[in-house]
Amino acid sequence: MRGTMHIRMGRSLVAFFGSVIALFASTGCNGFDVSALLNLRADPVIIPNGASPDSFRWAFSVDLRNHPDAARVAWDFGDGATASARPIAAGKSIAHDFPSAGLFNVQVFLFDGGDPLQGTAPRLIGTGSLPVQVLGPNAAPTASFSVVDLRDDSNVAIPNGKRFNGATSRDTDGSIAKYEWDFGDGESGEGLTIDHIFATGGRFTVRLKITDDRGATAENSRSLLVNSAPTAAFDFTISATDNLTTTFDGQSSSDPDGQIALFSWQFGDNQVATGSQVQHTYASAGTFTVTLTVTDSLGTTATTSQSVHVTGTDLLVNSIAPDFGVVNTSVGNLQIRGENFQTAGLALTLERGQSIIQPTSVNVVNSSELSATFDLTNATLGDYDVVVIVAGAQSQRITEGFRVGTANRVRIESTLGDIVIELVPDAPITTQNFLQYVTDRFYDGTIFHRVVPIFVVQGGGFLPGMIEQSGARPSILNEFSPNRSNIRGTLAMAKLGNDPNSATSEFFFNLGDNSANLDNQNGGFTVFANVVEGLDVMDAMAAVPLDNQVPVTDIVMTRVRRE
């Protein structure tokens, strides 16, 4: 048996059933239930007649074969509108205009004619329902698309390749069923996203046609320039007779799908020019950034720049190597580089106040390089200016460009003071390794990053912020000797645990007598120098505030030089 039916009815039907309920109550029928009025026949069937999915107007009829005794019919259209009970002839078929699109539950209610002689009211003898999806007029979709360069797996643009995407197209009342593309070059395709490689460069009209799920269409087109970018490149030659004049040649530039139509030059001195080959004369010597911009026949550009050093005619001295010599030795093959060197009237000296060292030989290799030999016997220790004079008129110097020092001493300048160390004579691999780092300026700016009071102060591998210094060379062979113990005031190389031959750049000061420990583990730690000045600075380093062995305030090696 059916349970109690919950029927959605309009206000008129509610009023109608109210009168029926009142009638039954007046005759003494208590506990009235609408379901008691229904028989066990199948529900009446609602039939939509000629409904168009593009219209808000629908027509319905009700099948009365299971309810031949139906006398009156009422409708509820599920959108708030109803048709009150009316005779079957007038209400069996009905048309209704829905106010909007949506899903509506249309219901029909059948009543018999009642018994006027007995004074009984019409009875509800059947109710049926039909879910109706109202779409209404189809709104046309809107076609739109984007395009980006097509790239390979290495993210390199594929020449003339484009990727088209129609995802920005919209259909407000449905979905898009088809995307059709016309690339304007005789090729076409389908799909939301599609890749296309044009056979040639040029300007093409690309069209997208979309069709929605109810057959409406829309189109969009755009003019697309397909062009692979050119490559800008140039060479230059300085005139052999005029150092201020340079010829620039951009003919090595190229365009993969066309020709270069314009070469535009900027010479770095506010002067410009056009042409594949140009000559430019600078007003004075200097270093200039020269920029070439090439434009192909379709307007796409590419740019490249080079630094061009114009020497002019003035004497310049740029560098000297090596920049250190040991007192009481002879330094040969000293290379001095610069510009506009000439044999006539050339003079070269090392000067420190009143102390002047003349070369024993000078060779003008070319206009930009000199080779010289100096005898440093009894030379005063310290830094010397490198002075070059040409023709007795022009002179140039590198201030403190050359240093005369001892063979075995190094000064470590730090933010807490200076420490001078003396290298041992019997650890040649280790001392040469350390001196090479000094020569390379590797230690300048590094920190003492580990302090263990009464034990060691370690540094030589990190910059402030515990950033590892770059440029460390391969590890070296361990040269530990029991004749060089790890006692107070000695320097030894740091290394990795369980690897005697792993030392690179890091070293440490022994704050106390660590011989019983460090001489007898990991192959022994190689002592390579002794502190000869600055033990108080070493102890000051050991006394700084620490955060887990790291100084709270960085102890920086500002400069490490041979002494």
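The values are calculated or read from the model by the stated rules, or taken from the named source; none is laboratory data. Bear in mind the structure is a predicted one, so any value in this text is a computation, not a measurement. Counting neighbours? That spans all protein chains shown, and the Cβs are built from the backbone with ideal geometry, glycine included. Remember, those area values only see protein heavy atoms, side chains included, never the ligands or the DNA or RNA. Shrake-Rupley method; radii C 1.70, N 1.55, O 1.52, S 1.80 Å.
Quick check on this structure: which one of 278, 308 is outside any loop (DSSP other than H, G, I, E, B), touching an Asp or Glu at 6+ places or on another chain (Cβ under 9 Å) and open to solvent by less than 80 Å² (accessible area, probe 1.4 Å)?
278
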field: Which numbered condition residue 482 misses (of (1) within 48 Å of the chain's Cα centre (by Cα); (2) open to solvent by 60 Å² or more (accessible area, probe 1.4 Å))
entry: (1)
- request: Could you tell me whether the stretch 163-180 includes any residue that is within 30 Å of residue 72 (Cα to Cα) and touching a Pro at 6+ places or on another chain (Cβ under 6 Å)?
  value: no
message: For the list (1) within 18 Å of residue 527 (Cβ to Cβ); (2) assigned to a loop (DSSP other than H, G, I, E, B); (3) not polar (S, T, N, Q), I need the number of the one condition that residue 441 fails.
response: (1)
message: Out of everything in the stretch 216-234 that is at pLDDT 90 or above and small (Gly, Ala, Ser), what residue ends up being farthest from residue 166 (Cα to Cα)?
response: 233
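If you take the residues of the stretch 52-88 that are among the polar types (S, T, N, Q) and assigned to a strand (DSSP E or B), which of them is least open to solvent (accessible area, probe 1.4 Å)? Step through it out loud before you land on a result.
Just the residues of the stretch 52-88 that are among the polar types (S, T, N, Q), to begin with: 52, 55, 61, 66, 82, 84.
Still in the running and assigned to a strand (DSSP E or B): 61, 82, 84.
On the way: 61: 15, 82: 53, 84: 53 Å².
It comes out as 61.
For (1) open to solvent by less than 40 Å² (accessible area, probe 1.4 Å); (2) in contact with a Leu (Cβ under 6 Å, 6 or more places away or on another chain); (3) modelled with pLDDT of 95 or more; (4) more than 24 Å from residue 474 (Cβ to Cβ), each residue gets a yes or a no:
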{"residue": "390", "(1), (2), (3), (4)": "yes, yes, no, yes"}
{"residue": "418", "(1), (2), (3), (4)": "no, no, yes, yes"}
{"residue": "431", "(1), (2), (3), (4)": "yes, yes, yes, no"}
{"residue": "437", "(1), (2), (3), (4)": "yes, no, yes, no"}
{"residue": "443", "(1), (2), (3), (4)": "yes, no, yes, no"}
{"residue": "461", "(1), (2), (3), (4)": "yes, no, yes, no"}
statement: Residue hits (the stretch 355-378; part of a strand (DSSP E or B) and open to solvent by 60 Å² or more (accessible area, probe 1.4 Å)) are 356, 360, 362, 363, 365, 366, 375
statement: By residue number, the members of the stretch 531-563 that are open to solvent by 60 Å² or more (accessible area, probe 1.4 Å), assigned to a strand (DSSP E or B) and under 18 Å from residue 455 (Cβ atoms) are 546, 547
- request: State all residues of the stretch 325-350 that are open to solvent by 40 Å² or more (accessible area, probe 1.4 Å) and closer than 26 Å to residue 265 by Cβ; if no residue qualifies, say none.
  value: none
Yes/no for residue 322 being touching a helix residue (DSSP H, G or I) at 6+ places or on another chain (Cβ under 9 Å), surrounded by fewer than 16 Cβ atoms within 10 Å (Cβ to Cβ) and over 22 Å from residue 237 (Cβ atoms): yes
query: Can you tell which of 237, 205 is loosely packed, with under 14 Cβ neighbours inside 10 Å, at pLDDT 95 or above, not in a loop (DSSP other than H, G, I, E, B) and not acidic (Asp, Glu)?
result: 205
task: Could you list, in sequence order, all residues of the stretch 185-202 that are open to solvent by less than 40 Å² (accessible area, probe 1.4 Å) and either in a loop (DSSP other than H, G, I, E, B) or in contact with a Leu (Cβ under 7 Å, 6 or more places away or on another chain) (or both)?
output: 191, 198, 201
- prompt: Could you count how many residues in the stretch 240-266 are aliphatic (A, V, I, L, M), exposed (fewer than 14 other Cβ atoms within 10 Å of the Cβ) and either assigned to a loop (DSSP other than H, G, I, E, B) or at pLDDT below 90 (or both)?
  reply: 1
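Return the total of residues in the stretch 39-51 being aliphatic (A, V, I, L, M), out of contact with any Gly (no Cβ under 7 Å at 6 or more places or on another chain) and open to solvent by 50 Å² or more (accessible area, probe 1.4 Å).
3
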